[in-house]
Amino acid sequence: MARTRRLVLVVALLMAALVVLLVASLAIGSRLIPTGTVMDALTNFDPGSDDQLVIRFSRLPRTLIGVLAGAALGLAGVLTQSLTRNALAEPGTLGVNAGAAVGVIIGLIATGGASIVVYVWFAFAGAALTSVLVHRLGRTGRSGVDPARLVLAGAALSIVLSALTRALILSADATVYESFRSWATGSLQGRGWESLPVVGTCLVVGLLISLALAGPLDSVSLGTDMATALGVNIRLTWTLANAAIVVLAGGATAACGPIAFIGLASPHIARAVSGPNHRLLLPVSALLAAVLLLLADVIGRIVVFPGEIGAGVMTALIGSPFFIHLVR
């Protein structure tokens, strides 16, 4: 009963924090916009107002993408840690970031420096193909997959793909390099309405798969032998869970670039609140990750106002002490 009350309280606080951050994200930028104007832009839009145009066509899609991408990374982090039974695992462990980076640079070179509308699909394809390859390399004949082999395959393939990305960048022109650098910093800046369907669709699909696997994941977290004894189809669970990771982390990374810390930290914090039950852990981690990413984005706009630091950089700075604490 005490844990239930604490869970309800924490979720309520997270929801309140998310609302505050939504308003702050719409009001704070290279110029500050009054809260009243923000509310007018949402409820009584005036196309003749420059401030309301900025909110509607720049800050609102950016904010929504931050929330959806954060939630997707939070879900992907839970799935990754549950499958690998590794407390330090996160979506990048399965090659998502490295695959997306190769996809982006190939898309930019092939199209001569395309906009995000084009290269977001190349990034998603690269992340998906890489994750599938990592999954195949991590297979074993007995249970279909092995956590240690999966992590090693992801690390090895990420190194190879990172080298390939550098080689492609060196051979590309300045326009391609600048476009890639904008994506590689992991920033929400410049993300408009065209990126929203990618992240939104990926989140919905990944969430449905994740919740459907909540019961089997509880068993898989106890180990392969125990899960098999409890009647869990290990091969099917791993296949579906990895597909969800590809969709969730691939979509978020494709739209926003590589975002560190979120997929690593949010499952740990959520697990301390909700416990190991995945039916609670998954949504709590998603909500917490959305708050963390939006918070990082808002802080990045404040610390060097009127300029900004990318959300990916801010999450890395915030996450480094947390990662050291986990290692110790």
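Counting heavy atoms of the protein chains only and a 1.4 Å probe, report the per residue accessible area for the chain as a whole number of Å².
Per-residue accessible area for the chain comes out at 43 Å².
Take the Cβ-Cβ distance between ILE159 and LEU32 as r, set R0 to 25 Å, and report the resulting FRET efficiency rounded to the nearest 0.05.
Using R0 = 25 Å, I get an efficiency of 0.05.
Roll a 1.4 Å probe over the protein heavy atoms and report the accessible area of MET226 in Å², nearest 10.
Probe radius 1.4 Å; accessible area of MET226 about 100 Å².
Just going by the charge dipole of the chain, with Lys and Arg at +1 and Asp and Glu at -1 on Cβ, which of GLY319, ILE299, ALA89 is farthest out on the positive end?
ALA89
Taking R0 as 35 Å, what FRET efficiency do you get between VAL132 and VAL20 from their Cβ-Cβ distance, rounded to the nearest 0.05?
0.35
Using helices alone, what [θ] at 222 nm do you get for the chain, with -39,500 (n - 2.57) per DSSP H run of 4 or more residues, divided over all residues and rounded to the nearest 500?
Taking each H run of at least 4 residues, the total per residue is -25000 deg cm²/dmol.
Hydropathy first: keep DSSP H helices in the chain averaging at least -1.0 on Kyte-Doolittle, then drop any whose Cα extent along the axis falls short of 20 Å, and list what survives.
For the chain, where a helix must reach 20 Å along its axis and average at least -1.0, the hits are 2-27, 60-84, 96-111, 116-137, 147-171, 196-212, 234-256, 278-302, 311-327.
Modelled label-to-label distance, LEU7 and PHE323, 7 Å Cα→beta-carbon offset: nm?
Here the modelled spin labels are 3.1 nm apart.
Just report the Cα centroid separation between the range 174-236 and the range 63-108, whole Å.
Computed from Cα coordinates, the inter-centre distance equals 6 Å.
Give the Debye-formula value of log10 I(q)/I(0) at each listed q (0.08, 0.13, 0.14 Å⁻¹), with one equal scatterer per alpha carbon of the chain, two decimals each.
-0.37, -0.94, -1.08
Test of the criteria: in the range 1-98, which trypsin sites (Lys or Arg not before Pro) are in a DSSP loop and have at most 13 other Cβ atoms within 10 angstrom of their Cβ?
ARG31
Carbon and sulfur together cover what percent of the accessible area of the range 120-235 at a 1.4 Å probe radius?
Roughly 68 percent, rounded to a whole number.
Roughly what would the spin-label model give for LEU230 and GLU178, points 7 Å off Cα along C-beta, in nm?
5.4 nm
The values are calculated or read from the model by the stated rules, or taken from the named source; none is laboratory data. Because the structure is a prediction, the values reported are computed rather than measured. Here Cβ is always computed from backbone atoms with ideal geometry, including for glycine, and neighbour counts include all displayed protein chains. All accessible areas refer to the heavy atoms of the entire protein, side chains included, with ligands and DNA or RNA removed. Shrake-Rupley method; radii C 1.70, N 1.55, O 1.52, S 1.80 Å.
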